[in-house]
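Participant: Submitted below is the structure of interest, expressed as structure tokens.
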Amino acid sequence: QVQLVESGGGLVQPGGSLRLSCVASERIFSTDPMGWYRQAPGKERELVAFIRAGRDPTYASSVEGRFTISRDNAKNMVYLQMNSLKPEDTAVYYCYYRSGKAYWGQGTQVTVSS
């Protein structure tokens, strides 16, 4: 049973940056997708970005050009660098990993507000 733990959320002003991190409790496979979803109040959970070996990362159109996903398989980690943050990026961000079944973290709150 893979456990995922996110960190790096917080309060930031519009235009600011945050870097989210997620560490898996067990070895992750580079060919399996790993990434981030988010859920804003009153909205459904939506894909932000995911990455796997041999393919270009996939981004939601709303974050492309502002967010960058990366992973370090040796450390069992995935990262999300978020730049030019907007109030509409406010949400709980969940780490995601799929290896046969889907695994989710508990989420980390990101709030973009002045």
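Participant: With springs only between Cα atoms under 10 Å, which of F50, F67, F29 fluctuates most in a Gaussian network model of the chain?
Facilitator: Sorting by GNM fluctuation, first place goes to F29.
Participant: For region 25-37, what does the Karplus curve 6.51 cos²θ - 1.76 cosθ + 1.60, with θ = phi - 60°, yield as ³J(HN,Hα) per residue in whole Hz, taken in order and with x for Gly and Pro?
Facilitator: Taking θ as phi minus 60°, the curve returns 7, 9, 4, 10, 9, 4, 7, 8, x, 9, x, 9, 10 Hz for region 25-37.
Participant: Here's another thing I want to ask about it. Choose one answer from E64, E44, E88: the residue with the largest mean-square fluctuation in a GNM of the chain with alpha-carbon springs under 10 Å.
Facilitator: Per the Cα network of the chain with a 10 Å cutoff, E44 tops the list.
Participant: Give the long-range amide H neighbours of T90: residues separated by 5 or more places, or on another chain, with amide H under 5 Å away, using H modelled in the peptide plane at 1.01 Å from N.
Facilitator: The answer is V112.
Participant: Can I ask one more? Which residue, chosen from G9, N83, Y96, occupies the Cα position most advanced towards the positive end of the dipole of the chain, where the dipole is computed from +1 (Lys, Arg) and -1 (Asp, Glu) charges on Cβ about the Cα centre?
Facilitator: Ranked along the dipole, the leading option is Y96.
Participant: In percent, what relative contact order does region 1-79 have, based on Cα pairs under 8 Å that are 6 or more apart in sequence?
Facilitator: RCO, region 1-79: 28 percent.
Participant: Next question, about the same structure. Could you run the Karplus curve 6.51 cos²θ - 1.76 cosθ + 1.60 with θ = phi - 60° over region 51-64 and give me ³J(HN,Hα) per residue in whole Hz, x for Gly and Pro?
Facilitator: Ordered by residue, 3J(HN,Hα) equals 8, 8, 4, x, 9, 5, x, 10, 10, 5, 4, 6, 10, 4 Hz.
Participant: Hey, another quick one. Which of P41, P87, P57 moves most in a GNM of the chain, Cα contacts under 10 Å?
Facilitator: Comparing P41, P87, P57 in a Gaussian network model of the chain, the most mobile one is P41.
Participant: With a ≥ b ≥ c taken as the square roots of the eigenvalues of the C-alpha gyration tensor of the chain, please select rounded if a/c is under 1.5 and otherwise prolate if a/b is larger than b/c or oblate if it is not?
Facilitator: Prolate shape, in that a/c is at least 1.5 and a/b is the bigger ratio.
Participant: Something else now. Going by accessible area, probe 1.4 Å, with all protein chains left in place, what is the ranking of D72, D56, largest first? Write down the numbers at each step before the final one.
Facilitator: Values: D72 45, D56 135 Å².
So, going from the largest accessible area down, we get D56, D72.
The values are calculated or read from the model by the stated rules, or taken from the named source; none is laboratory data. In this text, all values refer to a predicted model and were calculated from it rather than measured experimentally. So basically every Cβ, Gly included, is an ideal-geometry build from the backbone, and we count neighbours across all protein chains shown. SASA here: full protein model, heavy atoms, side chains in, ligands and nucleic acids out. Shrake-Rupley method; radii C 1.70, N 1.55, O 1.52, S 1.80 Å.
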